[in-house]
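Working notes for the structure below.
The values are calculated or read from the model by the stated rules, or taken from the named source; none is laboratory data. What you see is a predicted model, and the numbers here were worked out from it, not measured in a lab. A quick note on method: Cβ atoms are made from the backbone with ideal geometry, for glycine too, and the neighbour counts reach across all protein chains shown. For accessibility, only protein heavy atoms count, side chains too; no ligands or nucleic acids. Shrake-Rupley method; radii C 1.70, N 1.55, O 1.52, S 1.80 Å.
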Amino acid sequence: MSPLTALHSRPGGLGCSGETLCNTVLALNPIGLQVALSKNSEKMFQRILVANRGEIALRVIRACRDLGIQSVAVFSQADRGAHYLTLADEAICIGPPAAADSYLMINRIISAAEIGNVQAIHPGYGFLSENSHFAEVCRTCKIEFIGPSHEAMAKLGDKVSAKLIAKEANVPTVPGSDGLLTDENEAIRIAAQIGYPVLIKATAGGGGKGMRIGTDEASLKTGLKSAALEAESAFKNGGVYLEKYIARPRHVEVQVIADLHGNAFHLWERDCSLQRRHQKLVEESPAPNLPQKVREAMCAAAVRLVKTAGYTNAGTCEFLVDADHNFYFIEVNARIQVEHPVSELVTGIDLVQQQIRIASGEPLTWKQKSIPCSGSAIEVRINAEDPANNFRGSPGKITKLRVPGGPGVRWDSHVHEGYSVPPYYDSLIGKLIVHRPTRAESIATMRRALAEFCVEGIKTTIPLLREIFENQDFIDGNVDTTYIERTWSFTGGAK
Ligand code: ADP
């Protein structure tokens, strides 16, 4: 019998057990915001499968433990024996090291859910987290997918359709083609209208793939072909569209959260402008030097967007902000983000716990006005890569590890001394996050924490991050998404 048949034939499938797990009526978070905990939640899960690895798998395992829920981890052969797996209640091997043969295999994840006897799956970020087919298979198998419905995910996962929904919700978008480009002449005509430079983007794009800048008609034509080819091979969808290329924008995103009962809130914004190769390195909340009116307008726009899309659970609306503080929606990330801890620290809300609660049917009983944005939180990504060598991955054994601590410091990571960073996956080995009353204090604490940090055996982003936190433009909140590539020499600080 196939695992799917097994699921279907089991009386009651993998539906909720009706057991009571949560007995608390109300809890106050550290800053006094009332966090709804339902009494005797009828539907709270007993066991959750964590369909991910590394840092985020451990984050979800910890949230489960905090909620009194059992967790079932999955692992590839490359992750066998990793310490974080022992912190779950059970761990199931799902295949060989390559993600395509393990963490991306829907049937193996569903089989693990069956073996682990879980009622829900948390997908983390990356891998299957934004795969609407996976979310649909979960529903078919009567396993709760901890995230949005597959319908909402499909609508917002496609960037062209997300932009149409944004327009419907009266959310500003980057000027460009109204939908997918049908031919070269259409692209040339639109580019002439909006003016060069333009950005060719893949509707299924992610991780900066399928993106090309067109500075004139000739580069537009070649860019169209290469972007479509790259998108076709990366996403099996070669559809591309055109956007005005915003010069030196800031990347500001809004954390949203919505329950299954029509309540949607924002948890303020994160500035993620400091990037390398379109990948974030530093994230912070609140965004520095962003006028309050603009923040509020962006946050309200994000809530309008998720309501219009019928989106539920945690999600992020990403915007670009130009030099005049005009903001433009670019995409929705329909999952928990790597950088979610900064929003947790300024609001006092545990986002992963809330994701689980929402999926179990609990309503959010907050008032938007009561959600604080308290102090300043900054996260840096510690990646196993070599900044001096074009950020090339640096897998291998961590021979020495001393992590920082003390007041205002949080370290979210699955690694330890003796851990071997496998070469198969994302290079993120941990997130160092600080939270202090002011941005200046956060920067000081981050400097101190980065100075305490000692990792040997592999190359990491730590030396670059130390330089960034001494950089005057960063300290002044005066950087954009192109800053690192434009200004950094990687051999000794800013050019
Ligand atoms: P992906 O999903 O591939 O990460 P995004 O649409 O989120 O792509 O864009 C990633 C990054 O690319 C943004 O953070 C920004 O730095 C840059 N970018 C995207 N759209 C534009 C644009 N229209 N103008 C300038 N930069 C852009």
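With the requirement that a residue be within 11 Å of the ligand (Cβ to nearest atom) and among the β-branched types (Val, Ile, Thr), what does region 194-244 give you? Scanning region 194-244 gives ILE194, VAL198, ILE200, THR203, ILE213.
Got at least one residue in region 397-406 being touching a residue at least 60 places away in the same chain (Cβ under 8 Å), over 30 Å from TYR245 (Cβ atoms) and outside any helix (DSSP H, G or I)? For region 397-406, residues touching a residue at least 60 places away in the same chain (Cβ under 8 Å), over 30 Å from TYR245 (Cβ atoms) and outside any helix (DSSP H, G or I): present. Residues in region 267-288 that are near the ligand (Cβ under 10 Å from one of its atoms) and either open to solvent by 20 Å² or more (accessible area, probe 1.4 Å) or hydrophobic (A, V, I, L, M, F, W, C) (or both): CYS272, ARG277, HIS278, GLN279, LYS280. Any residue at all in region 122-133 that's in contact (Cβ under 8 Å) with a residue 60 or more places away in the chain and in a strand (DSSP E or B)? Yes, the conditions are met somewhere in region 122-133. Residue count for region 245-266, restricted to those that are within 15 Å of the ligand (Cβ to nearest atom) and of a type in the set (Asp, Glu): 1. Which members of region 319-332 meet the condition of being open to solvent by less than 10 Å² (accessible area, probe 1.4 Å) and under 17 Å from the mean Cα position of the chain (by Cα)? If the condition is that a residue be open to solvent by less than 10 Å² (accessible area, probe 1.4 Å) and under 17 Å from the mean Cα position of the chain (by Cα), then PHE319, PHE329, VAL332 are the ones that fit.
Within region 63-86, if we keep just the residues that are in contact (Cβ under 8 Å) with a residue 24 or more places away in the chain and within 20 Å of GLU362 (Cα to Cα), the residue that is most open to solvent (accessible area, probe 1.4 Å) turns out to be ASP66. Taking region 162-179 as the range and being within 23 Å of GLU130 (Cα to Cα), within 12 Å of the ligand (Cβ to nearest atom) and in contact with a helix residue (DSSP H, G or I) (Cβ under 6 Å, 6 or more places away or on another chain) as the test, the residues that pass are ALA162, THR173. Where strands (runs of 3 or more DSSP E) fall entirely within region 210-323, those with at least 3 residues that are within 18 Å of ILE484 (Cβ to Cβ) are at 250-258, 282-285. Selection of helices (runs of 4 or more DSSP H) fully inside region 407-495 by the criterion of at least 3 residues being open to solvent by less than 50 Å² (accessible area, probe 1.4 Å), of a type outside the set (Phe, Trp, Tyr) and out of contact with any Ser or Thr (no Cβ under 7 Å at 6 or more places or on another chain) returns 439-452, 462-468.
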